[in-house]
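A.B. asks: Take a look at this one; I'll ask things after.
Read the figures in this text as sums done on the coordinates, not as results from a lab. Just so it is clear, the model here is predicted, and its values are computed rather than measured. Reconstructed Cβ throughout: ideal geometry from the backbone, glycine too, with neighbour counts over all protein chains shown.
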Amino acid sequence: MSKQDSSIGFDCRVAFAEELVSLAQADPRIVAVCNDSVGSSNLVAFRNAFPGRLVNVGIAEQNMVGVAAGLANGGLRPFVCAASPFLTGRALEQIKADVAYSDFPVVLCGMSPGMAYGELGPTHHSIEDLAWLRAIDALAVIVPADPAETRAAMRWAVAANRPCFLRIGRTKVPAVSPEGQVFEPGRATVLRHGNDVTIVAIGTMVARALDAAQQLAQQGVEARVINAASVKPLDEATILAAARETRGIVTVEEAVVQGGLGSAVAELVSQQHPTRMRILGVTGFAPTGSASFLFDHFGLTAANIAGRAHELLRSH
Amino acid sequence: MVTDVLGLGEWRARRDAFDAAALAEKLSMLRTASNWIRRSILTTIEGAGLGHVGGDLSVTDILVTLFEGVLRINPAEPGWPLRDRFILSKGHCAAALYSVLAHSGYFSPERLAHFAAPLSPLNGHPNRRKVPGVETNTGPLGHGLPVGVGCATAARICAEDWRTFVVLGDGELQEGSNWEAAMYASQCDLSHLTAVVDRNRLQQGASTEDTNDLEPLADKWRSFGWETHVVDGHSHVELLAVLSRAPGDRPRAVIANTVKGKGVSFMENGVEWHHKVPSAAQVEAAIKELS
């Protein structure tokens with residue numbers, strides 16, 4: 001069982017909301033687009049500061065994403081803020097055709113992703129989003145791990161002028177980013193050095209990966225911990241170095257084990273430097289339970305990450 | 001693709017002449033342009049060996065009226081920020097759109113011979129990054145109106161007066177996304193947005209009424225809060241009047257009653273001509289009729 005208390009840490013949506021206001025103050029092109037999600041996307045402050053720049057289309061995700069593409073066509077820089085399951089699932093074709101294929105600089109912000117909605121169940125979980133969106137050309141897929149990385153990714157997204165998806169967590173997380181870090185797409189962060197085994201994690205799982213590495217260290221195993229927030233494009237050099245320099249890679253993500261971070265790493269190393277892997281994530285529709293309970297249920301805990309790393313090393 | 005400067009000069013002269021002309025002359029110019037576009041559609045599709053000839057011919061007079069007589073555009077600067085936006089939501093009628101864009105001088109008509117050829121910018125559905133004059137990539141149905149709502153909202157937020165025109169197929173109104181967009185456009189009183197429905201009454205496999213009945217269509221748009229007009233979609237005088245009308249205080253819907261395959265007797269109202277490719281002999285016969 002996890003020793004982590006989900007009540008400790010930061011809700012990335014708070015940093016997101018503050019940064020959006022700050023960015024919008026500096027750039028009049030920035031508008032927010034939402035689907036009746038002013039509250040859940042923390043857009044109240046944005047609405048108060050820029051009432052004319054909030055486009056709330058109501059509960060209509062297909063229209064929401066199409067409208068965002070049109071706003072970008074008109075010279076604006078939309079941040080689409082909506083619960084991730086509905087943004088990505090309901091409007092997937094609009095994301096593909098209107099945003100990515102049409103190449104509009106729309107920032108798709110999937111709020112409360114993964115299993116953040118806990119007891120509300122699999123309809124409200126966004127665990128397929130990484131697999132769906134990774135398959136779409138031209139779309140960057142970014143999963144910040146903490147408030148600082150959330151802010152940095154948002155600043156990058158405005159400057160990048162390209163279609164991108166940011167996964168904005170609701171589950172509280174501790175700060176894990178080095179002070180003053182600038183976000184760069186295709187660049188992962190090595191948060192802990194070690195040459196026995198590598199743990200590659202994203203989002204809520206990064207702090208758990210660091211805890212797992214501490215547990216492993218107590219048992220004499222030095223784990224390298226990589227935050228691969230830029231799931232697409234992936235930092236190939238850093239991952240391949242880990243494949244070469246350590247005895248195996250464990251990936252951990254709050255998403256299905258098909259098509260997400262684990263798959264991205266496997267696609268890379270299996271072709272360029274095959275190594276043993278364990279892909280940890282969500283293995284099916286979740287039973288009823290809080291996000292914290294479901295992390296335990298699916299083995300997304302520091303103890304299980306450490307255990308799977310041990311098992312991987314033993315399998316050599 | 002690079003904008004064709006010679007074609008542009010021709011377009012400029014033509015638009016100036018159009019604006020200065022009396023109505024009878026304007027209608028004559030539109031008829032001439034429509035005839036050119038219909039011939040172009042037939043030869044373009046014959047050359048490519050694919051296309052959607054029926055819908056191309058039904059939408060022709062709508063596109064011609066917009067591009068020749070209504071849209072505030074500058075083919076020399078396709079990205080001009082203050083241009084009117086035109087979106088062909090029924091993106092499968094790309095051969096008609098490309099013909100109209102070439103006719104307006106966005107690129108040379110000679111390029112039409114490369115429609116759907118390997119690596120051609122002229123894909124079977126339009127791509128804004130490859131074809132000047134295309135505002136958004138359409139193809140899957142029910143996408144154009146939401147994007148058009150976004151364009152019109154951007155103009156409003158930026159306090160600019162450019163307009164947005166979206167041409168939809170009637171069959172694609174079966175996609176729910178259109179009605180999401182229609183509700184929101186009405187909520188925002190998007191007066192600078194016009195949706196034109198190419199009401200040819202046929203979809204891919206059968207009539208719209210035998211598939212998923214659209215009627216009462218005008219009442220539907222009115223009930224969504226749109227200023228709604230029903231016109232003959234092959235009457236340039238009716239199209240010009242309604243499309244060049246100044247914005248009111250509501251989004252505007254124009255149901256343009258059309259004939260699929262219009263202008264070619266053996267194609268008119270034939271459901272099989274949705275995407276059947278005419279033979280060389282059929283194209284010759286069709287062009288004779290248009291002459």
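A.B. asks: Provide the three semi-axes, in whole Å and in decreasing order, of the ellipsoid equivalent to the stretch A:12-168 as defined by the square roots of 5 times the Cα gyration tensor eigenvalues. List each step's numbers first, then the result.
C.D. replies: Details: eigenvalues 80, 64, 46 Å².
Equivalent-ellipsoid dimensions as semi-axes: 20, 18, 15 Å.
A.B. asks: Divide by every residue of chain B the summed helix terms, -39500 (n - 2.57) for each DSSP H run of at least 4, and state the resulting mean residue ellipticity at 222 nm, rounded to the nearest 500 deg cm²/dmol. Can you show the working numbers first?
C.D. replies: On the way: 10 runs with 122 residues, N = 291.
Rounded to the nearest 500, it is -13000 deg cm²/dmol.
A.B. asks: Shielding of B:133-144 by partners, i.e. mean partner chain Cβ atoms within 10 Å per residue? All intermediate terms of the calculation are to be shown ahead of the outcome.
C.D. replies: On the way: counts 0, 1, 5, 12, 10, 3, 2, 6, 0, 5, 9, 3.
Mean partner shielding for this stretch: 5.
A.B. asks: Additional query: If all Cα-Cα distances of the stretch A:189-314 are sorted into 10 Å bins from 0 onward, what percent lands in each bin, rounded to whole numbers?
C.D. replies: In order of increasing distance, the bins hold 14, 50, 31, 5, 0 percent.
A.B. asks: Only Cα pairs under 8 Å and at least 6 apart count here; give the relative contact order of chain B as a rounded whole percent.
C.D. replies: Numbers: 574 pairs, mean separation 66.4, N = 291.
Dividing the mean separation by the residue count of chain B yields 23 percent.
A.B. asks: Return the tail of the calculated pair distribution for the stretch B:99-157, meaning the percent of Cα-Cα pairs more than 15 Å apart.
C.D. replies: Numbers: 977 of 1711 pairs.
Tail of P(r) above 15 Å: 57 percent of Cα pairs.
A.B. asks: For A:E93 and A:V14, calculate 0.36 nm times their separation in residues minus their Cα-Cα distance, and state this gained length in nm to one decimal. Spell out each step's value before the answer.
C.D. replies: Values: separation 79, 0.36 × 79 = 28.44 nm, distance 2.91 nm.
Computed gain between A:E93 and A:V14 is 25.5 nm.
A.B. asks: For peptide B:179-189, compute the average count of partner chain beta-carbon atoms within 10 Å of each residue's beta-carbon.
C.D. replies: Details: counts 2, 11, 7, 1, 4, 8, 2, 0, 3, 2, 0.
Mean partner-chain Cβ count within 10 Å for B:179-189: 4.
A.B. asks: Can you compute the radius of gyration and Dmax for the protein assembly as shown, using only the Cα atoms, both in Å?
C.D. replies: Spelled out, the Cα radius of gyration and Dmax of the protein assembly as shown are 27.2, 91 Å.
A.B. asks: Mind giving me the nanometre distance, one decimal, between the label points for B:A159 and B:L50, set 7 Å out from Cα along Cα→Cβ?
C.D. replies: Between B:A159 and B:L50, the label points sit 4.8 nm apart.
A.B. asks: What is the Cα centroid distance between the stretch A:31-64 and the stretch A:189-240, reported in whole angstrom?
C.D. replies: 36
A.B. asks: Let me ask you something else. Any idea how far apart B:E25 and A:A135 come out in nm if each label point goes 7 Å out from Cα toward Cβ?
C.D. replies: 5.8
A.B. asks: Over the stretch A:189-314, what is the mean sequence separation of C-alpha contacts under 8 Å (at least six apart), divided by residue count, expressed as relative contact order in percent? List each step's numbers first, then the result.
C.D. replies: Numbers: 237 pairs, mean separation 36.8, N = 126.
This gives 29 percent for the stretch A:189-314.
A.B. asks: Still on this structure: Taking R0 as 51 Å, what's the FRET efficiency between A:H193 and A:A26 from their Cβ-Cβ distance, rounded to 0.05? Numbers along the way, then the final one.
C.D. replies: Numbers: r = 37 Å, r/R0 = 0.72.
Efficiency, from the Cβ-Cβ distance: 0.90.
A.B. asks: Would the stretch A:243-316 count as rounded, prolate or oblate if I go by the C-alpha gyration tensor, calling it rounded below 1.5 in a/c and otherwise prolate when a/b exceeds b/c, oblate otherwise? Numbers along the way, then the final one.
C.D. replies: On the way: a/c = 3.25, a/b = 1.64, b/c = 1.98.
It comes out oblate by the Cα gyration axes.
A.B. asks: Pull out the extension gain between A:A45 and A:Q219, defined as 0.36 nm times the separation in residues minus the alpha carbon to alpha carbon distance; nm, one decimal. Numbers along the way, then the final one.
C.D. replies: On the way: separation 174, 0.36 × 174 = 62.64 nm, distance 4.77 nm.
57.9 nm is the gain from fully extending A:A45 to A:Q219.
A.B. asks: Defining a contact as two alpha carbons under 8 Å apart and six or more residues distant in sequence, what relative contact order in percent does chain A show?
C.D. replies: After rounding, I find 17 percent.
A.B. asks: Can you work out the FRET efficiency for the pair A:E311 and B:A206, with r the C-beta to C-beta distance and R0 = 56 Å, to the nearest 0.05? Don't jump to the answer; show the numbers that get you there.
C.D. replies: Working: r = 59 Å, r/R0 = 1.06.
Computed FRET efficiency for A:E311 and B:A206: 0.40.
A.B. asks: Regarding chain A, what's the average projected area of the Cα-atom convex hull, expressed in nm²? Spell out each step's value before the answer.
C.D. replies: Values: hull surface 58.6 nm².
The number I arrive at for chain A is 14.7 nm².
A.B. asks: For the stretch A:113-193, rounded, prolate or oblate, judged on the Cα gyration tensor with a ≥ b ≥ c (square roots of eigenvalues), a/c < 1.5 rounded, else prolate if a/b > b/c?
C.D. replies: Numbers: a/c = 2.00, a/b = 1.23, b/c = 1.63.
Because a/c hits 1.5 or more and a/b fails to exceed b/c, the stretch A:113-193 counts as oblate.
A.B. asks: Going by a ≥ b ≥ c, the root eigenvalues of the Cα gyration tensor, does the stretch B:1-156 fall in the rounded group (a/c under 1.5), the prolate group (a/b larger than b/c) or the oblate group?
C.D. replies: On the way: a/c = 1.40, a/b = 1.10, b/c = 1.28.
Rounded, since a/c falls under 1.5.
A.B. asks: Send over the semi-axes of chain B's equivalent ellipsoid, whole angstrom and largest first, taken as the square roots of 5 times the C-alpha gyration tensor eigenvalues. Let's see the in-between values first.
C.D. replies: Working: eigenvalues 138, 106, 67 Å².
Its equivalent ellipsoid spans semi-axes of 26, 23, 18 Å.
A.B. asks: What per residue convex hull volume, in Å³, comes out for the stretch B:113-265 when only alpha-carbon positions are used?
C.D. replies: Numbers: hull volume 21.0 nm³, N = 153.
In the stretch B:113-265, the Cα convex hull volume per residue is 137 Å³.
A.B. asks: I'd like the FRET efficiency for A:Q271 and B:S120, computed as 1/(1 + (r/R0)^6) with the beta carbon distance as r and R0 of 30 Å, rounded to 0.05. If you can, show how the numbers build up before the last one.
C.D. replies: On the way: r = 32 Å, r/R0 = 1.07.
Efficiency computed from Cβ-Cβ geometry: 0.40.
A.B. asks: Filter B:K90/B:K262; B:K90/B:K276; A:K96/A:K172; A:K96/B:K262; B:K26/B:K130; B:K26/B:K220 down to the pairs with a C-alpha to C-alpha distance above 28 Å, please. Don't jump to the answer; show the numbers that get you there.
C.D. replies: Details: B:K90/B:K262 17 Å; B:K90/B:K276 17 Å; A:K96/A:K172 30 Å; A:K96/B:K262 34 Å; B:K26/B:K130 32 Å; B:K26/B:K220 33 Å.
Pairs exceeding 28 Å: A:K96/A:K172; A:K96/B:K262; B:K26/B:K130; B:K26/B:K220.
A.B. asks: Further, regarding this structure: Based on the mean of other Cβ atoms within 10 Å per residue, sort peptides A:110-119, A:125-134, A:63-72 so the most packed one is first. It would help to have the intermediate numbers written out before the result.
C.D. replies: Details: A:110-119: 25.7, A:125-134: 24.0, A:63-72: 31.9.
Most protected by this proxy first, the peptides run A:63-72, A:110-119, A:125-134.
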